[in-house]
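Read the structure below first, then the notes.
Just so you know, all these numbers are worked out from the coordinates, no wet-lab data involved. Everything numeric in this text was worked out from a predicted model, so none of it was measured. Here the Cβ is made from the backbone with ideal geometry for all residues, glycine too, and neighbour counts use every protein chain on show.
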Amino acid sequence: MIDIKHLHVNYRGKPALQDVTVHLGSGFTAIIGPSGAGKSTLMRSINGLVPITDGDVLLEGHSIGKPGSAALRAQQRHMGMVFQQFNLVRRLSALDNVLLGCLGRQPQLLGALGLAPKADRAFAMHLLDRVGLAEHAWKRADQLSGGQQQRVGIARALAQQPRVILADEPISALDPKSSEQVMHILRSIHEDDGLTVIANLHFLDTVRQYATRVVALKAGQLVFDTTPDALTRELTRELYDHDPPAVQGAEPPVSVNQLASA
């Protein structure tokens, strides 16, 4: 599905990703690692939101293309993105935000005028119903809770009719109940729709419950690729340099090195 080959990404001359090579096939892949490991950079590199310094990302054998290129725009239509901070248009209704996901399939004139075909509106309503928000279709995005906004974001990603869902820390800003709702939806997208789901996740209990595969990054490098069952305490301590938070709301202990550098 997605092949990442010798990927390097630099920010202002500093490496964010270093020689990352991995194949991400069908399934629910969780990307884990400490803060600053390069998880969001990897996610955004896959979707072309971050320019690649060296290497390549291919979707079904085709390079995603360079920023601003027609090739990249064509590939992005197949990758639905779910953002940590939702990225909704706050003054638009939930329904209109979902319809933004249909723009890639609409004639340019209709998109420019903000006119959506009836079939797209019906599809958008179906997606809102799927994420449990049909009754909130006409509410402005800024009138919704964080969990509801994230579910609108998932519906918008599905409106693209993508092959892959990329979720960049989709529950880090949510309370436990909302997080569970979002993760159930993402799992159903994988299990019921057969889509590849790739999500950056912090909490290992969540990873073990929902993911089928785990890819770990540290300091911009791929350090292991395994199954959730293989996430032993020893392995995760080596990754995080301390016991990582197992559940949402838990805080990892502060190491002596962290205190010294504070």
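In deg cm²/dmol, rounded to 500, what helix-only [θ] at 222 nm does the chain give when every DSSP H run of at least 4 residues adds -39500 (n - 2.57) and the total is split over its residues?
Taking each H run of at least 4 residues, the total per residue is -10000 deg cm²/dmol.
For a quick protection proxy, order the peptides 183-196, 148-161 by their average other-Cβ count within 10 Å, most packed first.
Averaged packing, sorted descending, gives the order 148-161, 183-196.
What FRET efficiency comes out for the pair L235/H6, r = Cβ-Cβ distance, R0 = 35 Å, nearest 0.05?
The pair L235/H6 has a calculated efficiency of 0.90.
Taking 22 Å as R0, compute the FRET efficiency from the Cβ-Cβ separation of Q161 and A71 and round it to 0.05.
Given R0 = 22 Å and the Cβ-Cβ separation, E is 0.70.
Answer rounded, prolate or oblate for the range 112-194, using the Cα gyration tensor with square roots of eigenvalues a ≥ b ≥ c: rounded when a/c is under 1.5, else prolate when a/b is larger than b/c, else oblate.
oblate
Check G36: other-chain or 5+ apart residues with amide H under 5 Å from its amide H, H built from backbone geometry?
Long-range HN contacts for G36: none found.
Run through the DSSP bridge list for the chain and note the antiparallel percent, rounded to the nearest 5.
Of all bridge pairs located within the chain, approximately 55 percent are antiparallel.
Order these peptides, 23-36, 6-19, by their mean beta-carbon neighbour count within 10 angstrom, highest first.
23-36, 6-19
Please compute the modelled spin-label separation between K139 and K14, points set 7 Å along Cα→Cβ, answer in nm with one decimal.
4.0
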